[in-house]
Amino acid sequence: MSADVSADTSVLKALRRVRRPAPRRNRELLLLLFSIALSVVAVGLVQLGALGHLEYDELILSGLLGLLALVLHVVLRIKAPNADPLVLPIAFLLTGLGIAEIYRIDLQNGTGAGSSQIGYAAVSIVLAVLVVWFLSNYRILFRYTYIFGLAGIVLLLLPFLPFLNGGGNATVWIRIAGFNFQPGEIAKICLAIFFAGYLVRTRESLVTTGKRVLGFTFPRARELGPVLVIWLISLVIIVAQRDLGTGILIFGMFVATLYVATGKTGWMLIGVTLAVGGAVVASRFLTYVGWRFDNWLNAFDQQIYDRDGGSYQLVQGIFGLAHGGFFGTGLGQGRPYLTPVSQSDYIIPSLGEELGLVGIFAILAMYLVLAGRGLRIGVAGQDDFGKLLATALSFTLALQVFIMVGGVTRVLPLTGLTTPFLAAGGSSLLSNWIIIALILRISDAVRQQPKAVIG
């Protein structure tokens with residue numbers, strides 16, 4: 001009799017585990033359908049605004065991209081039924097808005113960037129599907145902590161190989177089979193895994209030692225070693241690759257992960273001090289960094305505005321934002337193409353001109369929710385590696401948005417990063433959708449753990 005009761009109880013528990021995620025996945029489905037509809041409508045509005053009629057090829061391609069997102073949704077139902085329901089719809093809507101604006105600029109420039117972006121997005125979503133399907137347990141990544149660290153460094157070094165170098169002002173591109181790719185985008189994921197794994201292994205010595213000064217606990221000199229090494233690597237990237245953005249991003253990701261691992265405010269103060277000090281030194285001794293600071297501080301100076309590599313691009317972007325006003329000119333009815341590289345570095349001013357301040361606030365709110373969900377997943381997790389990895393990946397997205405939005409609005413000096421999901425470029429889309437897949441995987445595992453309630 002007791003065996004029958006035990007068996008019935010086990011069956012009931014299994015049924016609850018199957019049924020419980022259904023509302024969450026249904027919520028995701030409704031939000032995803034809404035995101036797909038908005039993305040297709042955005043492309044249609046671009047065509048009506050810029051051309052005065054609809055062209056169905058791009059609309060069909062946008063719809064097919066939505067079908068791929070629905071495939072990812074089905075895979076989540078099967079493989080990760082407890083995954084966060086907001087992450088996928090937000091990521092797809094941001095991607096769709098980026099495609100619509102890139103397509104709008106492409107209607108004027110005729111470079112084919114709009115169709116290419118749809119292709120990149122399709123490949124990226126397929127890659128996310130594969131990650132969710134085959135990475136049944138994200139903790140397996142912990143075993144290969146140091147391999148991922150080595151892989152990250154190798155990827156950063158690839159552009160220095162003469163037969164792979166893809167050209168450009170910064171040494172960040174490689175060219176394979178006629179395609180340019182930025183390995184640093186994948187390197188940041190490898191380094192996030194390495195940072196999370198390394199800090200799980202060393203956090204005890206980092207937490208239990210230190211001296212309190214003015215209410216802050218500072219580490220001993222020998223515990224500073226890892227921070228100084230990552231700081232030096234970041235400076236080497238800035239100097240050798242002429243890539244200010246990637247150097248800042250890697251160092252910021254490490255310091256944020258270190259703070260979460262130890263809970264010591266002193267680490268943050270040291271990190272900020274090193275970052276500011278490195279930026280000041282770089283602006284004094286590296287010409288291209290100094291020029292970026294000049295463009296930032298004296299953007300409207302006529303001499304700086306007119307010179308090669310001056311503030312013309314920055315000022316044009318600011319004018320575009322001002323032209324958009326509160327509600328924007330409407331999709332397809334602005335002139336974002338007047339700003340150089342408006343489809344990549346300056347995608348935010350392009351969208352701001354046509355969607356207005358309201359549209360930019362909505363986009364920033366989506367980023368805020370996306371990063372917030374990732375950080376919340378990290379806080380709720382009981383597995384140290386998953387907590388630090390989710391934090392590192394989410395903070396990377398948030399920091400990248402902050403740096404790019406701050407750069408084009410003249411809050412910060414502009415760097416060479418891309419705005420996640422929105423900006424043109426296959427490398428960025430691939431890496432960001434891999435990040436989405438990993439966050440979904442971690443969120444599913446967190447919700448299966450007891451006492452991990454994240455709403």
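The values are calculated or read from the model by the stated rules, or taken from the named source; none is laboratory data. Computed from a predicted structure; not experimentally measured. Every residue, glycine as well, gets a Cβ built from its backbone with ideal geometry; the counts of neighbours run over all protein chains shown.
If you go through segment 256-277 and keep only what is surrounded by 20 or more Cβ atoms within 10 Å (Cβ to Cβ) and within 25 Å of Arg292 (Cα to Cα), you end up with Ile270, Gly271, Leu274. The residues on offer are Thr171, Thr95, Thr145, and the sole one that is of a type outside the set (A, V, I, L, M) and modelled with pLDDT under 85 is Thr171.
Scanning segment 32-73 for residues that are more than 18 Å from Gly98 (Cα to Cα) and at pLDDT 95 or above gives Leu70, Val71, Leu72, His73.
Here's the yes/no breakdown for (1) within 30 Å of Thr145 (Cβ to Cβ); (2) of a type in the set (A, V, I, L, M):
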site	(1), (2)
Pro340	no, no
Glu354	no, no
Ala362	no, yes
Met366	no, yes
Gly386	yes, no
Leu389	yes, yes
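Let's see how each residue does on (1) touching a helix residue (DSSP H, G or I) at 6+ places or on another chain (Cβ under 7 Å); (2) more than 22 Å from Ala362 (Cβ to Cβ); (3) at pLDDT 90 or above:
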site: Leu393; (1), (2), (3): yes, yes, yes
site: Ala398; (1), (2), (3): yes, no, yes
site: Gly416; (1), (2), (3): yes, yes, no
site: Ala423; (1), (2), (3): yes, no, yes
site: Gly426; (1), (2), (3): yes, yes, no
site: Leu430; (1), (2), (3): yes, yes, yes
site: Leu440; (1), (2), (3): yes, yes, yes
site: Arg447; (1), (2), (3): no, yes, no
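Within segment 116-163, the set of residues being outside any helix (DSSP H, G or I), touching a helix residue (DSSP H, G or I) at 6+ places or on another chain (Cβ under 9 Å) and surrounded by fewer than 15 Cβ atoms within 10 Å (Cβ to Cβ) comprises Ser136, Asn137. Restricting attention to segment 382-440, the residues that are touching a Pro at 6+ places or on another chain (Cβ under 7 Å) and over 24 Å from Val289 (Cα atoms) total 1. Cβ separations smaller than 8 Å between residues 6+ apart or across chains give the following pairs from segment 261-290 residues that are touching a residue at least 12 places away in the same chain (Cβ under 8 Å) to residues that are among the acidic types (Asp, Glu) and surrounded by 15 or more Cβ atoms within 10 Å (Cβ to Cβ): Ala261/Asp384.
Inside segment 302-337, can you point out the residues that are assigned to a helix (DSSP H, G or I), without any contact (Cβ under 8 Å) to a residue 40 or more places away in the chain and of a type in the set (Ser, Thr, Tyr)?
Result: Tyr305, Tyr312.
Counting only residues that are part of a helix (DSSP H, G or I) and touching a Ser or Thr at 6+ places or on another chain (Cβ under 6 Å), segment 63-90 holds 1 of them. Checked against (1) within 26 Å of Trp133 (Cα to Cα); (2) modelled with pLDDT under 90; (3) surrounded by 14 or more Cβ atoms within 10 Å (Cβ to Cβ), Ala113 meets all criteria but (1). Does Phe361 fit the bill of being among the aromatic types (Phe, Trp, Tyr), out of contact with any Cys (no Cβ under 6 Å at 6 or more places or on another chain), over 27 Å from Ala282 (Cα atoms) and surrounded by fewer than 24 Cβ atoms within 10 Å (Cβ to Cβ)? When the stated conditions are applied, Phe361 passes them.
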